[in-house]
Amino acid sequence: MAPRKTASVSSRKTAAKPVKKDFNGGTFADFSKDEDLNAYREMLLIRRFEEKAGQLYGMGFIGGFCHLYIGQEAVVVGMQMALKEGDQVITGYRDHGHMLACGMSARGVMAELTGRRGGLSKGKGGSMHMFSKEKHFYGGHGIVGAQVSLGTGLAFANRYRGNDNVSLTYFGDGAANQGQVYESFNMAALWKLPVIYIIENNRYAMGTSVSRASAQTDFSQRGASFNIPGYQVDGMDVRAVKAAADEAVEHCRTGKGPIILEMLTYRYRGHSMSDPAKYRSKDEVQKMRSEHDPIEQVRARLLERKWASEDELKQIDKDVRDVVADSADFAQSDPEPDASELYTDILI
Amino acid sequence: MARMTMIEAVRSAMDVSMGRDDHVVVFGEDVGYFGGVFRCTQGLQAKYGKTRCFDTPINESGILGTAIGMAAYGLKPCIEIQFADYMYPAYDQITQEAARIRYRSNGDFTCPIVVRMPTGGGIFGGQTHSQSPEALFTHVCGLKVIVPSNPYDAKGLLIAAIEDPDPVMFLEPKRLYNGPFDGHHEKPVTPWSKHDLGEVPDGHYTIPIGKAEVRRQGEAVTVVAYGTMVHVALAAAEETGIDAEVIDLRSLLPLDLDTIVQSVKKTGRCVVVHEATLTSGFGGEVVSLVQEHCFYNLEAPIVRVTGWDTPYPHAQEWDYFPGPARVGRALKEVMEG
Ligand SMILES: Cc1ncc(C[n+]2csc(CCOP(=O)(O)OP(=O)(O)O)c2C)c(N)n1
Ligand SMILES: [Mg+2]
């Protein structure tokens, strides 16, 4: 299949000057049938899961904060496709998608949202605070930017242990303005740490658009003064993400130090569950949904290439919905943690 | 007079202050265009323009440091940290710079800033959106620390804080924004419009920083509380029928020791209540002072009712929150002691 240009999303400008020009060549290969089917299923699982979480929130089963990942599915799914066992993932509070992509159970995530004992943090963490040692998922962090330094430390630990694992450190366009991000960049470059900084630029930090908060809105260039190469990637196209991930992972595994991938993406829903969304127009959202939807792109491809029939895709959707429905049932019937849990896991 | 929620009262305080003094500037994350996540600054940018009410990037340390510099050259920043839980990146600037610049410069430079921050739990915020960090401020000399419990006080105290020549940490109990909360989470929320202290003058007035207020006169036991716990303590007094005198500190630093001592000398018993965790909490300070000043008047050991020494859990909010039942038990305990 002919390589494609990394598309820019909508009207956004693409990277001006990548530090390292030959990266990805601005092109990427097409997916095989299996890859497309796999990506489709994975992204759909996140989408359906998040839709259900939104419903349960509306019904009062979930309280407090709940940040949905709808619209950004291609980012984690594409990145995850490039990983191998032992690579670490760490992110902020918009984390349900990352956990599902890491293979953490839908039941465990959903039950954490509803604050039940079967939740990944026994119900004590909630939407923003979940972890899995088994799946190398290091959280789930409610404090904006904090995970960036932790992810840098994970990369340090990889180097120290002499393995070739990579730390995938995700954060948002808003988080990119926290001071510790640049402290981390410097250390990572200084010590050549195997960390991929994935900046999920979904254009908004709560109600503040990128241009109202950032002097340099090309986030791929945020590491330039530390000589960290950075690239903008069409985060709505899972193939572009996977291709960028492959190269970035290779860069890290071969000891070349940190790298930045700015994912041009978009969140369809509000920041959290109560968001008047006055900061953007309905048209803007609608345009992204209809023209750039990450799942629709794969779906269209699968059908066009006759890699799957409508019925087969319906079946996938049904399988995914079953998983999600099961998680929702569990999350509503599982008991709350016992009061004695209040004092567990604080100190030994 | 108007009926205001605590949100409206806080907004009105900033509005009045900005109208009177063009050195007052208001900024923080999502504060300008969006009007603040709790809407406390809504309309201020439209009214006063983008140079006086504006958004910042998400960088609390930078927000604080910049405010301190502005203040050193005569501006009066009133900044918002979106949740008190986000102040930690700024804590260095607060403690090392804001609190020290007057001392360090022999009074040449001062730091007339106000740092507003929603505090406390009761809204299912979990670990990173429910903390009550006031003791981390009261432990630092060179800061003033205020926690209002109602709209009337919030406005008067906030104006006083903005006019104050020194740095003031202004912690707004977020569970009180829309109505008084006595800890009975299962009951519908009463709005401030149904409460006397929701009655707030439109214009300028101040409440002196460092003056407590007795919310309920009583003879049997003194309850020292602030913020949300004032309402919980009042409910506990009603429910137990114990004739408690409930003191609303309003200002933790400076502390109105006289009001506390006077009351404890009268009642001979004391319960100290806060939502923050127990160990090294502000209650420990109050207990020490009461002990020092009222030892010979005490009829029973002083009891503290506080959040548990655990992170604030997501699922067990009401096991964690020191509600009226727990305060009531403490009241009975000191009465029997
Ligand atoms: C230290 C800190 N400051 C502020 C916040 C409040 N907050 C939570 S999310 C958010 C916006 C972050 O936006 P971005 O990094 O772009 O991520 P997105 O929500 O778009 O995924 C803000 C300001 C926080 N959680 N922690
Ligand atoms: Mg964003």
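General remarks:
- For the stretch A:329-348, residues that are among the hydrophobic types (A, V, I, L, M, F, W, C), within 10 Å of chain B (Cβ to nearest Cβ) and under 30 Å from A:Gln55 (Cα atoms) total 2.
- Count of residues meeting criterion [more than 10 Å from chain A (Cβ to nearest Cβ), in contact with a helix residue (DSSP H, G or I) (Cβ under 8 Å, 6 or more places away or on another chain) and in a helix (DSSP H, G or I)] in the stretch B:285-324: 8
- Residue count for the stretch A:198-220, restricted to those that are in a strand (DSSP E or B), surrounded by 23 or more Cβ atoms within 10 Å (Cβ to Cβ) and within 9 Å of ligand 1 (Cβ to nearest atom): 5
- Here the condition is being over 22 Å from A:Glu50 (Cα atoms) and surrounded by 11 or more Cβ atoms within 10 Å (Cβ to Cβ); of A:Arg321, A:Arg305, it holds for A:Arg305 alone.
- Qualifying residue in the stretch A:229-246 (condition: touching a Phe, Trp or Tyr at 6+ places or on another chain (Cβ under 9 Å), within 14 Å of chain B (Cβ to nearest Cβ) and within 16 Å of ligand 2 (Cβ to nearest atom)): no
- Complete set of residues in the stretch A:250-272 that are surrounded by 18 or more Cβ atoms within 10 Å (Cβ to Cβ) and either away from ligand 1 (no atom under 13 Å from the Cβ) or β-branched (Val, Ile, Thr) (or both): A:His251, A:Cys252, A:Gly257, A:Pro258, A:Ile259, A:Ile260, A:Leu261, A:Thr265
- One residue from B:Gln131, B:Gln93, B:Gln127, B:Gln82 being within 16 Å of ligand 1 (Cβ to nearest atom) and touching a His at 6+ places or on another chain (Cβ under 9 Å): B:Gln127
- Restricting the stretch A:257-306 to residues that are assigned to a helix (DSSP H, G or I) and among the basic types (Lys, Arg), the residue that is farthest from A:Met79 (Cα to Cα): A:Lys282
- Any hit, the stretch A:56-68, residues being farther than 24 Å from A:Val181 by Cα, touching a helix residue (DSSP H, G or I) at 6+ places or on another chain (Cβ under 9 Å) and at pLDDT below 95: yes
- Residues (part of a strand (DSSP E or B) and more than 16 Å from ligand 1 (Cβ to nearest atom)) located in the stretch A:221-232: A:Gly230, A:Tyr231
- Any helices (runs of 4 or more DSSP H) falling wholly within the stretch B:91-188 and containing at least 3 residues that are of a type outside the set (A, V, I, L, M) and touching a strand residue (DSSP E or B) at 6+ places or on another chain (Cβ under 9 Å): B:134-138, B:151-163
- Residues in the stretch A:143-182 that are surrounded by fewer than 18 Cβ atoms within 10 Å (Cβ to Cβ) and among the aromatic types (Phe, Trp, Tyr): A:Phe156, A:Tyr160, A:Tyr182.
- Some residue of the stretch B:80-90 being touching an Asp or Glu at 6+ places or on another chain (Cβ under 8 Å), assigned to a loop (DSSP other than H, G, I, E, B) and facing another protein chain (nearest Cβ under 9 Å): yes
- Verdict on A:Glu262 being away from ligand 2 (no atom under 15 Å from the Cβ) and either farther than 24 Å from A:Arg159 by Cβ or at pLDDT 95 or above (or both): no
- As a summary of the residue check, A:Cys252 satisfies the conditions (1) in contact (Cβ under 8 Å) with a residue 40 or more places away in the chain; (2) hydrophobic (A, V, I, L, M, F, W, C); (3) under 18 Å from A:His67 (Cβ atoms); (4) assigned to a helix (DSSP H, G or I) except for the one numbered (3).
- Which listed residue is touching a Gly at 6+ places or on another chain (Cβ under 8 Å) and either of a type in the set (S, T, N, Q) or farther than 16 Å from A:Lys256 by Cβ (or both), from A:Phe219, A:Phe185: A:Phe219
The values are calculated or read from the model by the stated rules, or taken from the named source; none is laboratory data. Every value quoted in this text rests on a predicted model; they were computed, and no experiment measured them. Glycine gets a Cβ as well: all are built from the backbone with ideal geometry, and neighbour counts include every protein chain shown.
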